[in-house]
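Have a look at the structure below before the remarks.
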Amino acid sequence: MAEAQIIDGKKIAADVRAEVATEVARLVKEHGVKAGLAVVLVGEDPASKVYVKNKAQQTVEVGMNSWEYKLPAETSEAEVLALVQKLNNDPACHGILVQLPLPKHINSEKVLNAINPDKDVDGFHPVNVGRLWVGERALVPCTPTGSIILAKSVRPNLSGMDAVVIGRSNIVGKPVAALLLRENCTVTIAHSRTKNIEDIVKCADLVIAAVGIPEMVKGSWIRPGAIVIDVGINRVPSENGKTKLVGDVAYDECAKVAGAITPVPGGVGPMTIACLLRNAAQAAAMQIGVKSAFA
Ligand code: NDP
């Protein structure tokens with residue numbers, strides 16, 4: 001059987017960043033406004049520090065203003081809330097991202113809910129969640145948006161497809177399901193209590209796996225020709241005694257059956273920051289009161 005088409009997330013993310021750069025330049029030229037994104041990092045989590053550095057670098061590369069607020073781990077909740085309020089009131093700052101996880105003494109929900117929904121580039125604020133589900137213009141979570149862009153790179157019109165999402169988190173599973181519904185797919189959401197998950201996945205034309213279990217989805221679960229989008233990022237021991245990254249999908253097996261598949265790394269991963277920048281450009285256009293290239 002022919003091997004699946006490999007969906008190149010690195011390349012598609014670069015294309016998205018190029019579109020964002022064009023949009024940022026247009027907003028400067030036509031409206032005299034340079035889009036700006038602020039990232040708030042509290043504490044010393046090493047992975048978060050790397051993410052924040054990459055975000056800041058890519059923000060500058062697409063021509064936006066970038067501000068990094070690195071606060072010590074002992075910063076109080078009130079101080080973080082005061083910073084969010086300051087950024088909410090700053091007209092030069094169009095997007096605010098508070099890097100998770102926050103230290104335990106800070107209530108993440110309270111902080112995320114304090115962000116002005118129009119600046120909520122992560123799309124986690126209940127107002128944006130509501131806007132997404134009722135079909136209003138919303139800032140939509142980045143990884144789900146990236147997953148849909150990857151699926152549409154293979155099949156631009158997803159209408160009528162049977163889509164199965166594995167996972168129902170607020171960060172990935174639920175918003176990706178909402179986006180698939182918006183694309184006119186018939187959507188099934190599977191989770192840890194789902195019975196006969198294998199049989200459900202076997203019926204799917206499009207599978208989006210966001211579980212957090214290494215290589216859970218087997219090749220025998222995949223309907224021949226299906227599109228498989230693997231959101232999972234799991235670090236597992238490798239043969240050389242070090243660790244390696246694998247997805248939630250058993251890639252080698254599934255690539256033999258699927259029509260198209262995302263690799264890990266190099267699939268959904270690079271799309272997340274690209275879609276964050278896209279959201280920041282969209283937020284800037286919304287705040288200027290002009291039509292965005294992205295929504
Ligand atoms: P969560 O842990 O928040 O959610 C996992 C979901 O999987 C839950 O809904 C859970 O069900 C479901 N689940 C757990 N076990 C099973 C099972 N045996 N069968 C079916 N469903 C199951 O994870 P996230 O959504 O945050 O992340 C999922 C994966 O995506 C992780 O690997 C994460 O690292 C990755 N990720 C990647 C990103 C990227 O940029 N590429 C960004 C965000 C996440 P229940 O609700 O019933 O508990």
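Listed here are the residues, each with its yes/no results for (1) closer than 24 Å to Val16 by Cβ; (2) small (Gly, Ala, Ser); (3) surrounded by 16 or more Cβ atoms within 10 Å (Cβ to Cβ); (4) touching a residue at least 24 places away in the same chain (Cβ under 8 Å).
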| residue | (1), (2), (3), (4) |
| --- | --- |
| Ala209 | yes, yes, yes, yes |
| Ile229 | yes, no, yes, yes |
| Gly241 | no, yes, no, no |
| Lys244 | no, no, no, no |
| Arg278 | yes, no, yes, yes |
| Ala283 | yes, yes, yes, yes |
| Gln287 | yes, no, yes, yes |
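The number of residues in region 223-233 being under 17 Å from Pro265 (Cβ atoms) and out of contact with any Leu (no Cβ under 7 Å at 6 or more places or on another chain) comes to 4. Exactly one residue out of Ser153, Ser147 is of a type in the set (Gly, Ala, Ser), in contact with a strand residue (DSSP E or B) (Cβ under 7 Å, 6 or more places away or on another chain) and within 20 Å of Ala177 (Cβ to Cβ), and it is Ser147. Being modelled with pLDDT of 95 or more and over 16 Å from the mean Cα position of the chain (by Cα) is a property that Val231 lacks.
So which residues in region 168-189 are outside any helix (DSSP H, G or I) and away from the ligand (no atom under 14 Å from the Cβ)? Selection gives Glu183, Asn184, Cys185, Thr186, Val187.
Name every residue in region 200-244 that is among the basic types (Lys, Arg), farther than 22 Å from Lys152 by Cα and in a loop (DSSP other than H, G, I, E, B), in order of residue number. Within region 200-244, Lys218, Lys242 meet the criteria.
The values are calculated or read from the model by the stated rules, or taken from the named source; none is laboratory data. Just so it is clear, the structure is predicted and the values come from calculations on it, not from any experiment. Glycine gets a Cβ as well: all are built from the backbone with ideal geometry, and neighbour counts include every protein chain shown.
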